[in-house]
Each structure stands twice: as C-alpha cells, then as structure tokens.
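K.L.:
One structure, pasted below without further comment.
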Amino acid sequence: MAVDRTEENTVAYTIEGGIAWVKFNRPEKRNCMSPKLNRQMMRVLDHLEYRDDVGVLVLTGEGTSWSAGMDLKEYFRETEARGLGAIRQAQSEAYGWWRRLRWYHKPTIAMVNGWCFGGGYGPLHSCDLAFAAEDAQFGLSEINWGILPGGGATKVATNLLSMRNAMYHALMGENIDGKTAAKWGLINEAVPAESLKDRVTEVATVLLGKNPVALKATKDAVRRVMEMTYDNAEDYLIRAQEAANFFDGEGRKEGIKQFIDDKTYKPGLGAYDR
Ligand code: ACO
C-alpha cells in the first residue's frame, strides 16, 4: 500500500530520561534516505542538539531496516532528472546532516536494528558508537547496481575496516551480519535483537553520568587526532583540554577532590558525582 508521508513524518523522535531516540521513519521504503528525509533529519538534529533534557542521541530505524541507503528513486533518479544544481543540493543536504552528526554536541549511538546499506554508512560512521542486532545486515551494495561506494562510504570502510576487508566488502557486494560487523570493527558490539535497546540504554546511561564538556572534547579529540601527526596531536590535545577548562573549570577539580580528599569514588572504577 502506498504511504503518503509528509516531509515532517520522515523522521520521528522521543526524549526519555536524557536520551533522544531518533528514528529514520520510512519503514515502507526501508528507511532509505530521500531529500525530504535528509532535510527533516537536519531540522531534528538542530532542534535537539543544545536541549538541556538531551544528553545522548540514539539513531535507529522504524521497522525492519536501519537505513537502506540513499533513495534510488528520489535521491538519484529524480534529482538527476532536474540537473546538476539539484544533484549538488541533494548531496549537500545528505552530507550536511551526516557532518552535523559527526561533530554533534552530544555523544551519539547508532542502534542498527536491521538493514544498513551504502549511504547508510555515512550516518553510521557519524555516530560515535554503534550497536547492532546480531542479525542486522550491512552491505556496500553500490557495486550491485553499478556505482562505486560514494558519499563517504568508501572512506567509512577504509577508516573502520582493514584494507582487505574493506576491499572485499566493496568489491563483492555481499552482506555481513551484525556479528561479523562487530568482528570487523564496523560497529562496537552485536547483541541479540531483543536485547539491543536495553544494551544501548545501558551504554547511554553510563554516558549520561559523565561530564558533558569532557565528553564533547573527548569525542572530537578521537576523530581529530586520527588525521594528525603525533606532535600535532599532542599539541591539539593540550589546547583542547585548555578550551574545555574554559567552559567547565571546576569539573576536573571536583573530580580530583572527590578521589584524593573525600575518597568517595575511584576514577579507575567510575565517574565522579556531578
Ligand atoms: N531506494 C529506493 N527505494 C527503496 C530502497 C532504496 N534504497 N530500498 C527499498 N526501497 C523500496 C522498494 O522499492 C519498495 O518500494 P515499493 O513498496 O514501492 O515497491 C519498498 O522500499 C520495500 O522494499 P522491498 O525491496 O520490497 O523490501 P524487502 O524487505 O524485501 O528488502 C532490502 C529489503 C534488501 C533492503 C531491499 O529493499 C533492497 O535491496 N534495497 C536497496 C538497498 C540498496 O542497495 N541501497 C542503496 C545502497 S547504495 C547507496 O546508498 C548510494
């Protein structure tokens, strides 16, 4: 049955106990990313980013799919029919929200509940952490319909996988399940589908207990230093900590005090009481 979905309804979200659960919401199209969805996702990310009641953002999918990649009809065929300007606009709308997510102000978790293809690797990599159902399916299916894995997908594969696995994955167009994705490093962990939300909630809850300024500084540092020489990284990390001190000068002093003076916690075993 054809579903007449408004742009606003291509993405859904709820906020529960500090966690924003954001969903690709085109289950009837296996959550493939159309220009409408890409525009709406940017609006939703924008709306949630600096809210005090959101400490962690989880990106998941409604139905059987996380995201079946780009919408071959609306993102490719229909925009190509409208010429270069439309193509570039559609690309910047998609890449725009993936970039926004990559540097998001809050920690982000991909909760991969089902299919994850091609263009879906962009937001998958944008999320800081990724958990999947053991039976989720991941694929660079571009080769199966005659293109290379663009839109960052090749970069994601080479960032996260060994060269041999990236090459096999990109050339063969075969899917891997959640367990293999975890073994290859594409995601952090695969768990049985029925435990996925509990496991993600558990991880998000731990993150909610940490210093938010330190979380943002840390997630950015991990992504930035990957592309730096050792000396540049050392220097960047000094500056980044000093910048974090500007926004939260007392947090680290409190963390030291509770350990050294009050003896109420051990940093090796958990976070200080904020
Ligand atoms: N683009 C456009 N429409 C899509 C896409 C997509 N990426 N994925 C699914 N759909 C549509 C189907 O055309 C179908 O529409 P219809 O009901 O109007 O006929 C509907 O979603 C349901 O899809 P089915 O194929 O019937 O669902 P099924 O559960 O049997 O299969 C699967 C799911 C395996 C995900 C399949 O839909 C598929 O192969 N999709 C394409 C995956 C893909 O290769 N994506 C592109 C990656 S490359 C890139 O992103 C650049």
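The values are calculated or read from the model by the stated rules, or taken from the named source; none is laboratory data. Bear in mind that the values here come from a model prediction, so they are computed numbers and not experimental data. Don't worry about glycine lacking a Cβ; one is built from the backbone with ideal geometry, like all the others, and counts go over all protein chains shown. To get the accessible areas, we keep the full protein, side chains included, count just its heavy atoms, and leave off ligands, DNA and RNA. Shrake-Rupley method; radii C 1.70, N 1.55, O 1.52, S 1.80 Å.
K.L.:
What ranking, highest mean first, results for peptides 116-127, 231-242 when packing means the other Cβ atoms within 10 Å averaged over each residue?
P.N.:
116-127, 231-242
K.L.:
Quickly estimate the mean residue ellipticity at 222 nm for the chain, helices only: each DSSP H run with n ≥ 4 gives -39500 (n - 2.57), and the total goes over all residues, rounded to 500.
P.N.:
Mean residue ellipticity at 222 nm (helix-derived): -13500 deg cm²/dmol.
K.L.:
Tally the DSSP beta bridges in the chain and give the antiparallel ones as a percent, rounded to 5.
P.N.:
In the chain, DSSP labels about 25 percent of beta bridges as antiparallel.
K.L.:
Would you mind getting the accessible area per residue of the chain, heavy atoms of the protein chains only, 1.4 Å probe, in Å²?
P.N.:
Per-residue value: 53 Å².
K.L.:
Let me spell out the model: positive unit charges on the Cβ of Lys and Arg, negative unit charges on the Cβ of Asp and Glu, origin at the Cα centre of the chain. What dipole size does that give, in debye rounded to 20?
P.N.:
That gives a dipole near 360 debye.
K.L.:
Along the positive direction of the dipole of the chain (beta-carbon charges: Lys, Arg +1; Asp, Glu -1; about the Cα centre), which of V56, I147, A244 reaches farthest?
P.N.:
Working it through, the farthest residue towards the positive pole turns out to be I147.
K.L.:
Give the calculated FRET efficiency between V3 and M172 to the nearest 0.05, with a Förster radius of 35 Å applied to their Cβ-Cβ distance.
P.N.:
Efficiency, rounded to the nearest 0.05: 0.60.
K.L.:
About its Cα centre, what dipole magnitude does region 3-50 give when the only charges are +1 on Lys and Arg Cβ and -1 on Asp and Glu Cβ, stated in debye to the nearest 20?
P.N.:
Dipole size: approximately 260 debye.
K.L.:
Straight-line reach from K106: which aspartates and glutamates have Cα under 18 Å away, leaving out those fewer than 8 places along the same chain?
P.N.:
E16, D46, E49, D52, D53, D128, E202, D220, D248
K.L.:
So, one more: How do W21, W145, W103 rank by accessible surface area computed with a 1.4 Å probe, from largest to smallest?
P.N.:
So the residues, ranked largest to smallest area, are W145, W103, W21.
K.L.:
Additional query: For E250 and S92, FRET efficiency with R0 = 41 Å and r from the beta-carbon atoms, rounded to 0.05?
P.N.:
0.55
K.L.:
Distance cut-off 32 Å, Cα to Cα: go down the list K155/K266; K23/K263; K216/K266 and report the pairs above it.
P.N.:
K155/K266; K23/K263
K.L.:
Taking 8 Å as the Cα distance limit and 6 or more residues as the minimum spacing, I'd like the relative contact order of the chain as a percentage.
P.N.:
14 percent
K.L.:
Give me the percent of accessible area attributable to carbon and sulfur for the chain, probe 1.4 angstrom.
P.N.:
Carbon and sulfur atoms account for 55 percent of the accessible area of the chain.
K.L.:
Does the chain classify as rounded, prolate or oblate by the C-alpha gyration tensor (a ≥ b ≥ c root eigenvalues; a/c under 1.5 gives rounded; else a/b over b/c gives prolate, otherwise oblate)?
P.N.:
prolate
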